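Here is the structure we will look at, set down as structure tokens.
Nothing in this text is a laboratory measurement; each read-out follows from the coordinates by a stated rule. Because the structure is a prediction, the values reported are computed rather than measured. Every residue, glycine as well, gets a Cβ built from its backbone with ideal geometry; the counts of neighbours run over all protein chains shown.
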């Protein structure tokens with residue numbers, strides 16, 4: 001049973017109308033005055049405004065032609081180029097998004113937003129190393145960007161760079177202690193490293209911060225289950241050592257069978273049959289070494305029909 005690698009890891013770039021640059025052409029964008037100031041009443045500005053309305057209304061495909069026309073009239077209209085990148089990301093055109101956001105990054109090297117846009121486009125295209133580079137640059141420009149730090153930690157985790165991921169996610173948790181996302185990602189890291197207690201602690205924190213999130217609850221349940229599975233394996237190993245040291249110990253055979261049955265109930269179907277056969281063998285040994293002990297007989301009777309070979313076809 002695997003974990004749900006959720007955690008609402010989407011940048012504010014894709015979150016809604018606030019993600020776009022809505023200022024008048026030549027006005028102030030998120031990082032200062034726009035490049036290529038133009039009269040707000042100009043045709044490029046009017047096309048940009050119409051494209052922006054469509055983008056904010058959730059119609060990025062319809063916004064793209066208007067934004068491209070605005071840029072054709074005024075190639076320095078940085079807001080239109082940025083919002084074109086947003087529209088491309090939302091329609092899955094990662095190549096177009098990279099070109100648009102790169103143009104904005106060149107025009108506005110002090111702005112973190114196009115770097116975040118590039119990171120999202122690269123991430124969408126599966127180019128995780130490039131996405132990590134852009135998130136790092138965005139954080140150099142805006143160290144307080146919680147969403148980018150969370151996304152950076154998640155990408156490091158996906159690449160197996162657990163030390164870097166942990167550092168980024170712990171910093172994100174300090175930045176926003178009321179957000180569950182960093183704890184979900186930290187829990188996934190600890191689980192991948194076999195640190196079940198730390199994984200459970202992280203998922204419990206996430207579930208307490210986001211009690212209505214099904215992924216947080218699911219991951220917590222999986223972590224509990226993995227810890228239980230490991231404890232069952234430890235009990236099986238201990239009973240097997242006891243039997244090796246004292247083969248005729250009826251209680252050890254009986255309790256080993258019970259733990260094997262418990263593990264069978266938690267195991268995939270392809271493993272279950274083998275565990276049931278091992279449990280049946282231990283129950284028979286328990287009965288052999290202590291024939292007067294009635295505990296094994298009912299379970300043997302229940303298991304034998306389940307493990308009997310199917311009747312031959314006539």
Highest mean packing first, using Cβ neighbours within 10 angstrom, the peptides 208-219, 120-131 sort as 120-131, 208-219
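If you stretched the chain out fully between residue 170 and residue 136, how much longer would it get, using 0.36 nm times the residue separation minus the C-alpha to C-alpha distance? Intermediate results must be reported in sequence, preceding the final value.
Numbers: separation 34, 0.36 × 34 = 12.24 nm, distance 1.57 nm.
Once the chain is fully extended between residue 170 and residue 136, it gains 10.7 nm.
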Can you give me the angle between helix 269-289 and the longest principal axis of the chain, using Cα atoms only, in degrees from 0 to 90, rounded to the nearest 10? 20
Between residue 57 and residue 95, how high is the FRET efficiency from 1/(1 + (r/R0)^6) when r is the Cβ-Cβ distance and R₀ = 22 Å? Nearest 0.05. 0.35
Could you give the nm distance between label points at residue 208 and residue 193, where each point is 7 Å from its Cα heading toward the beta carbon? 2.1
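How much length is gained on full extension from residue 304 to residue 129, taking 0.36 nm per residue of separation minus their Cα-Cα distance? Intermediate results must be reported in sequence, preceding the final value.
Working: separation 175, 0.36 × 175 = 63.00 nm, distance 5.48 nm.
Gain in length upon complete extension: 57.5 nm.
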Calculate, in nm to one decimal, what residue 240 and residue 271 gain on full extension: separation in residues at 0.36 nm each, minus their alpha carbon distance. 9.3 nm
To the nearest Å, what is the center-to-center distance of region 237-262 and region 57-105, using C-alpha atoms only? 67
